Amino acid sequence: MNLSIAYFKIREILLHPLSLVLIFFIPLGLTLIVGHLVEKGQKQLEIPIAIIDEDHSDFSRLLVERISGQAKIHLYQVSGEKAERMLLRNDVDSVFVIKKGFQKRLLTGEREQSIEVWISPFSMAEGIVREVIASETARLTSDVKAADWVVKVYKSLDIQMDSSKTWNAAYDYTDSQWEPEPLMTIQYDQLYLEESGAGKSGFGDSPYLRLWTFFTMLGCFLTSDWIVREKGVLFFRIQSTYHGLVSYLIQNTVALFLFHLFQTLLTFYIFVKTNIIQMRPELLLLMFVYLFVCLSFSIWSASFINQIGSYYIVSFLFVIIIGILGGSFFPVQEFSSTLLKLSVIFPQNLLLSSNQMNIQTPLFISGAIVLWILAIRRLWIKR
Amino acid sequence: MQLFEIAIVDDDQTLETKYVIGQLLDNSHLSKVTKVTIVDHAKARTLMEKNKVVATIVIPEGFSRDVKKGLNTPVEVIGNGDRPLQAQLVRHLMESAAKLTTAAQSGINTIDHFLAEENVPDDVRHAEFKKSLLSFSLHILGRGTIFEMKEKKNLFQQDILQYYVLSFYLLLIMIWSFGFLVLLRERINGPLRNRLNSRGITEWKEKFAGFAAAVVSVSLISYLLSLPITWLFGSSAINYGNLLSIVRIVLTFSAFFMMLAVFVSNDQLFLLFGIGLIMIGAVAGGHVIPVVYFPDWLERIGMFTINSWALRSVFDPADMQSIKMLGLITISCLVITAVYLKTGYRRCKR
Amino acid sequence: MDTCDSEVVDKAMIQIENVSKFYGKKPSLQGVTLKIEKGEVFGVLGPNGAGKSTLLSILSAISMPASGRVEINGLDLKKQAKLVREQIGYVPQDIALWEHLTVKDNLIFWSKFSKRRVSKEELFELCRTVRLQGKWNEKVSSLSGGMKRKLNIAAALIHNPDILLMDEPTVGIDIQSKLEINQYIRDLARNGKTIVYSTHDMSEILYLCNRIGVLKSGVLQFSGTIAEAREMVKRKGFLPNSDEELIYLLLQDDSLEKPLPYF
Ligand SMILES: Nc1ncnc2c1ncn2[C@@H]1O[C@H](COP(=O)(O)OP(=O)(O)OP(=O)(O)O)[C@@H](O)[C@H]1O
Ligand SMILES: [Mg+2]
């Protein structure tokens, strides 16, 4: 086959800054920019809560101090009235009130209902915050409980002591076990399993690869618009030439595919260099497959639509909806088992799920080829 | 959220670790959504591979011995990368669990230590140890009792589902306002514009007519869509106050996109900008996660999106600040467009 | 080649037998039979919607006839479409060019569609013949309507085809250039090219065409030389004073009992 049409198209894209922007900046640039923002935002996402200290004791101050040291919580220390207003305006997730007599109650072992929690129908994360506060309070109550226990046992065993000194010693000893590190900590790892069982790999739950699937699909749709634009007289005339329309369609798509392929390679390289993903050739291969599916799909859609504006709108909505349902933005599959089952039909699943190299891949490839052929037939037969 | 499973591998197999596990099982917040199974390594592995569990918790051998000695021993929590959100939740809850265990264990250790210091006989020490283990475990289990829950409500507040429904609704309005202008751009091509021009319809008039058409049609579509939402969620979801604010929002979005349409003459670029702005609006404006959960810098970016003001005005139609803000944006977009068209008219005509 | 030619000397360059074409149920061509010889300029005439463009698109292998046979230079159009396409140059009625590319790039791009390799010098030469050499590096979108028409014609000449199918190519082109293009086309015919030319322009018909065909509602009413046309009109009882009037009478709506007077 004579490839000079493809060559010409490649040259044309290279000389046309806007097409370069569409092919490279949309998927790669926007992925990096938006991904960076999202990642940074995600890491720093904090639960806003308000806390009201009515007790003003050592214990309550200690509790507030320790909670405010938590990374994921943004603490507002305010008065009661203001806290309620903030809660009702959804400025805070929930409000915690350390009631008067908090310290006294803890010291006497009557901790019940010593903290009041105000929630609104909007509260999303109050469960997690409650656990955090409960565990910090448990530190205080355990210290007290252990000290009480020691004094009590000493007494029952008739051991001589200065009971307040012993109490303080036991209290301090208990609390000292939190330093420099608590007795128990967790070490968190995220595991990506493959069928090969090779162990840890994958892309982290960083948003980059997810966003890349969205922007690449968008880029494919935007760069397939020539079909809609040239569908009229140009395709008509091309049919009267020696190489003809099919050759033109194939070569143009090949040229576009090459550019997107290059974009994918570049993305892969940058992702590997920045440790977003690990160097896995099969992932690169899957990215290529994904690209091929997107391109076939966009060409197929373009073969249906005759108005360029409608094409843009339809493809935009389509890409967004497929993006949301396919998990390009966040792992929707976790929210419902229906979506989890459905996820196999979305091409994003090729990259975003860990059971990657399975039956789906050949299915997607053959589906893409079928779409391709259908598109060419549509454009060809219309005359 | 669907029920999710957690696998625990207990390599330690002691009384204390049983308590730790028991405490996990009893977490009221967790037990509503989770199911915990105790398995061996191989089973845990297959469960993870089959994507059946969200996380595996491995309690290492010698865990309780080390903890008793006052040594830190990390417990391994392995999240399932395929379900990052749920895995993160397990992680947070395990972090709290680790603190609770530390609290209990430090108390138990103290008692044992103080008895050992006074050379208390072994049998007494052991009896006290068992007693304290039980007592502190119960103490930790009862941690929820420190809270007294109170629910506060106001008139305009919706629950979280309504938030997302309304927020998605708003996003649709934004996309429509944009889409309408995209379609309009295509309908009016070069020759048609010249003909319109010849009939005294300048680009200025044409753009503003398009704007008016966009406002009317998008408002109408939005109104129609509001009916099923109101029906589903009761009249509080979208009431008349909201409808008025929706028209205001449509005005703002349409004016904004019209300004963009006037400035950007290339179709693809217009589309690119529009999509970019819609995405920024969706993320920074709080459609995905409410703005209050953002870190400060992102919240500040959010302030600059129309979406954040629009969301505020949908949820609280009486909020004067958002009304003023939307009005200000609308008017400035219209003025900028008008000025640009008036001064740039000669250039367009070429 | 020469021996071959002499062998098929009475074999026409374009042979159309009983060709019909439908859009939906409506026929746009009905049983058209026609022979066009090598070196001939054949004018296709007819009122709007008569089927001229349809005929030319069939000849250029863009759309296939519903029934009938078309042979071009001895090749069957249906079976050997690809070979036929290399021999034809088609000028569509609408301008078919890449608006965002320059004149040069458009010509280069169109040259990629033919089997023959064409050098840039040849393309520039072609550009000169349609008097667009000054616009060589300008975008098509910035050309005037007539200039686009010229380029539209040039694109069909790139691969030096034996047969030119031109569908109202000179609409909107200035008189001077039109004359030059007509001269050029006539020279091409003299050099052995076969040209099928659809037009509404009297002077072009008279200047260019050796033979003409008149289509009305998809039916070929007449085909032959101007002289033969005069004969036919005479037989109908009219006596045209000039060639213009002759053509005018030829295209006259048959349903009218008495033709409207010419001038
Ligand atoms: N794509 C199409 N779909 C349906 N009908 C068509 C189509 N193209 C042409 N026709 C019909 O076929 C008939 C012949 O059309 P054609 O374009 O061949 O006319 P023409 O002789 O070239 O007219 P003109 O002088 O205006 O160019 C017309 O009645 C037209 O309405
Ligand atoms: Mg025609």
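The values are calculated or read from the model by the stated rules, or taken from the named source; none is laboratory data. These numbers were taken from a predicted model, which means no experiment stands behind them. We place every Cβ from the backbone using ideal geometry, glycine too, and count neighbours over all the protein chains shown.
Assorted remarks:
- Filter pass, C:Ser53 being touching a helix residue (DSSP H, G or I) at 6+ places or on another chain (Cβ under 7 Å), within 13 Å of another protein chain (Cβ to nearest Cβ) and not in a strand (DSSP E or B): no
- Residue within region A:208-215 that is outside any helix (DSSP H, G or I), at pLDDT below 90 and within 12 Å of chain B (Cβ to nearest Cβ) present: no
- Against the conditions (1) away from ligand 2 (no atom under 16 Å from the Cβ); (2) among the basic types (Lys, Arg); (3) under 15 Å from the mean Cα position of the chain (by Cα), C:Arg149 satisfies every one except (1).
- Elements of type helices (runs of 4 or more DSSP H) in region A:44-117, at least 2 residues being within 30 Å of B:Leu311 (Cα to Cα) and aliphatic (A, V, I, L, M): A:80-88
- Checked against (1) of a type outside the set (D, E, K, R); (2) at pLDDT below 85; (3) more than 20 Å from B:Gln162 (Cβ to Cβ), B:Ser217 passes all but condition (2).
- Filtering region A:322-347 to residues that are surrounded by fewer than 18 Cβ atoms within 10 Å (Cβ to Cβ) and without any contact (Cβ under 8 Å) to a residue 12 or more places away in the chain leaves A:Ile324, A:Phe335, A:Ser336, A:Ser337, A:Thr338, A:Lys341, A:Ile345.
- Of the residues making up region B:48-63, those that are surrounded by 24 or more Cβ atoms within 10 Å (Cβ to Cβ) and either assigned to a loop (DSSP other than H, G, I, E, B) or of a type in the set (Gly, Ala, Ser) (or both) number 1.
- Considering C:Ser67, C:Ser28, C:Ser111, C:Ser53, the condition of being in contact (Cβ under 8 Å) with a residue 40 or more places away in the chain, hydroxyl-bearing (Ser, Thr, Tyr), buried (at least 17 other Cβ atoms within 10 Å of the Cβ) and away from ligand 2 (no atom under 16 Å from the Cβ) is satisfied by C:Ser111 alone.
Yes/no per residue for (1) surrounded by 17 or more Cβ atoms within 10 Å (Cβ to Cβ); (2) in the same structural domain as A:Glu131 (by TED's automatic domain parsing):
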{"site": "A:Ile23", "(1), (2)": "yes, no"}
{"site": "A:Pro27", "(1), (2)": "yes, no"}
{"site": "A:Ser60", "(1), (2)": "yes, yes"}
{"site": "A:Ile67", "(1), (2)": "yes, yes"}
{"site": "A:Leu75", "(1), (2)": "yes, yes"}
{"site": "A:Lys82", "(1), (2)": "no, yes"}
{"site": "A:Arg85", "(1), (2)": "no, yes"}
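- Residue count, region C:69-81 (criterion: within 16 Å of ligand 1 (Cβ to nearest atom) and among the small types (Gly, Ala, Ser)): 0
- Restricting attention to region B:247-305 and to residues that are part of a loop (DSSP other than H, G, I, E, B) and more than 8 Å from every other protein chain (Cβ to nearest Cβ), the residue that is nearest to A:Tyr76 (Cα to Cα) turns out to be B:Gly286.
- Within region A:100-114, tally of residues that are crowded, with 22+ Cβ neighbours inside 10 Å and facing chain B (nearest Cβ under 7 Å): 2
- Options A:Val293, A:Val319: the member that is farther than 26 Å from B:Phe273 by Cβ, crowded, with 20+ Cβ neighbours inside 10 Å and in the same structural domain as A:Gly367 (by TED's automatic domain parsing): A:Val293
- Per-region count, region B:69-81, residues crowded, with 18+ Cβ neighbours inside 10 Å and farther than 30 Å from A:Glu334 by Cα: 1
- Residue tally, condition facing chain A (nearest Cβ under 7 Å), surrounded by 24 or more Cβ atoms within 10 Å (Cβ to Cβ) and within 16 Å of ligand 2 (Cβ to nearest atom), over region C:72-95: 2
- Boolean, C:Phe42 is away from ligand 1 (no atom under 16 Å from the Cβ) and closer than 23 Å to C:Leu188 by Cα: no
- Residue list for region B:98-119, restricted to those being in contact (Cβ under 8 Å) with a residue 12 or more places away in the chain and β-branched (Val, Ile, Thr): B:Thr101, B:Ile108, B:Ile111
- Residue match in region C:181-199 (condition: at pLDDT below 85 and either within 30 Å of C:Ser111 (Cβ to Cβ) or surrounded by 17 or more Cβ atoms within 10 Å (Cβ to Cβ) (or both)): no
- Test: residue in region A:348-363 that is in contact (Cβ under 8 Å) with a residue 12 or more places away in the chain, hydrophobic (A, V, I, L, M, F, W, C), touching a Gly at 6+ places or on another chain (Cβ under 9 Å) and assigned to a helix (DSSP H, G or I): yes
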